[in-house]
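Just below is one structure, and these are the notes that go with it.
The values are calculated or read from the model by the stated rules, or taken from the named source; none is laboratory data. Given the structure is predicted, the values throughout are model-derived calculations rather than measurements. When we count neighbours, we look across all protein chains shown, and the Cβ atoms used for this are built from the backbone with ideal geometry, even at glycine. Heads up: the accessible areas ignore ligands, DNA and RNA and are worked out on the full protein's heavy atoms, side chains in. Shrake-Rupley method; radii C 1.70, N 1.55, O 1.52, S 1.80 Å.
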Amino acid sequence: MRKLTFLFCFVSAFTFAQKRVWFDTDLMIGLPERAPREVDDGITLMMALQHPDKIDLAGISTVTYAEYGFETAQKFLKWYRRGKTIPVYRGSDKANDLGAENDATRALAEALKKEKLTILAIGPLTNIGTVVKNHPELASQIVEVVVCAGRTPGYSFKPGLEKVIVFDYNFEKDVDSFKTVLDAGVKMVLSGFECSVYLFLGKTDYEFLNNGFEGDKWVYEQLRPWSQRGQKLFGNDGFIPYDATPLGHITHPQYFKYYKDIPVQINVKKNDAASGIGGVRPDEKPFLEVSYDFQSKWKVDYAYKTLPGFEEILIESLKRQFVK
């Protein structure tokens, strides 16, 4: 009986635990400036809004194309919010101004003064780095920062049929902010390409969104060209929803395998990617890498594999009945 009680409590911890989370995102889905644009932040926000039993959003902040992200987040909240109002704040517009205050950094700092928060950061870390740099006393209020970045040594990011190598955008866009957060001793969880590559959403996985509901229809109309871009560049009609795995660490950690408390360091090495930030491809670049062989003062938890079943959870999350 005691064993059964322990098992029930263990399972319940995964099933019912709700976390207070700040959602920081470079939400560019549908951005008209260069179409199609990345859709995974939008997919991730949809999923987060459909799991209020697991994740209680204290606020949403935008980074890069901050105004567009602000407006798009408002649309998603109108379409998919369940329950309470969630505030949205404009953050760093270019993700290259570490230390410069904005609406998002001020709001996040005020929120951290009131309570401890987990931060889901699925874009460059500029907003988070600014808060930590300008308010070092608040670092202890951050439970953990969960980011979409990082790799093991020698691992290259090869989507689809592995013909093209892509770069670690969130990290490479603002390396200094990663250094700032790591130097502050904030717990960091990395869940990037290496973990996300086990997921793939093709047309049949999201065709149900092509319906009469305004939000679903709009999202579907962004997913199709992004999937077709995947066919052209990587050989598959579909896409990897990278940012869903950092969220999955928060909502469904039992579906991931981790290297716990593993050293992480920034190594400058020969560029392995076909392109770079802003279309500029340097011969060398920084790599955010984890290894137990490193002698580093920085340590993180690293999600390196997604287990079977999480992709189904993601898809089912997008099928839920929405509360307007």
Of 66, 149, 100, the one that fluctuates the most in a GNM where the chain has Cα springs shorter than 10 Å: 100
From the convex hull of the Cα coordinates of the range 260-324, what is the mean projected area in square nanometres? 8.5
Would you compute the Debye intensity of the chain from its alpha-carbon atoms alone, equal scatterers and no solvent, and pass along log10 I(q)/I(0) at q = 0.07, 0.08, 0.14 Å⁻¹ to two decimals? -0.26, -0.34, -1.13
Can you tell which of 48, 111, 244 shows the greatest fluctuation in a Gaussian network model of the chain with Cα springs below 10 Å? 111
With +1 at each Lys and Arg Cβ and -1 at each Asp and Glu Cβ, the charge dipole magnitude of the range 170-227 around its Cα centre, to the nearest 20 debye, comes out at 60
For n ≥ 4 DSSP H runs only, could you compute -39500 (n - 2.57) per run for the chain, divide by its residues and tell me the 222 nm figure to the nearest 500? -11000 deg cm²/dmol
What fraction, in whole percent, of alpha-carbon pairs in the range 108-216 exceed 20 Å separation? 52
State in Å² the accessible area per residue of the range 249-298; use a 1.4 Å probe, count heavy atoms of protein chains only, and round to the nearest integer. 55
Taking 0.36 nm per residue of sequence separation and subtracting the Cα-Cα distance, how much length would be gained by fully extending the chain between residue 67 and residue 19, in nm to one decimal? 14.6 nm
Surface accessible to a 1.4 Å probe, per residue, for the residues of the range 73-179, Å²: 40
Compute the FRET efficiency between residue 113 and residue 268 as 1/(1 + (r/R0)^6), taking r as their Cβ-Cβ distance and R0 = 35 Å, and round to the nearest 0.05. 0.40
Which whole-number percent is the relative contact order of the chain (Cα, under 8 Å, 6+ apart)? 19
Highest-first arrangement of 155-163, 121-129, 19-27, where packing means the average Cβ count within 10 Å: 121-129, 19-27, 155-163
Rounded to the nearest percent, how much of the accessible area of the range 198-324 (1.4 Å probe, protein heavy atoms only) is carbon and sulfur? 50
In units of 2.2 N^0.38 Å, the Cα radius of gyration of the range 183-317 is 1.25
Could you order peptides 176-182, 311-317 by the average number of other Cβ atoms within 10 Å of their residues, highest first? 176-182, 311-317
Taking the range 235-290 on its own, what percent of its Cα-Cα pair distances exceed 18 Å? 61
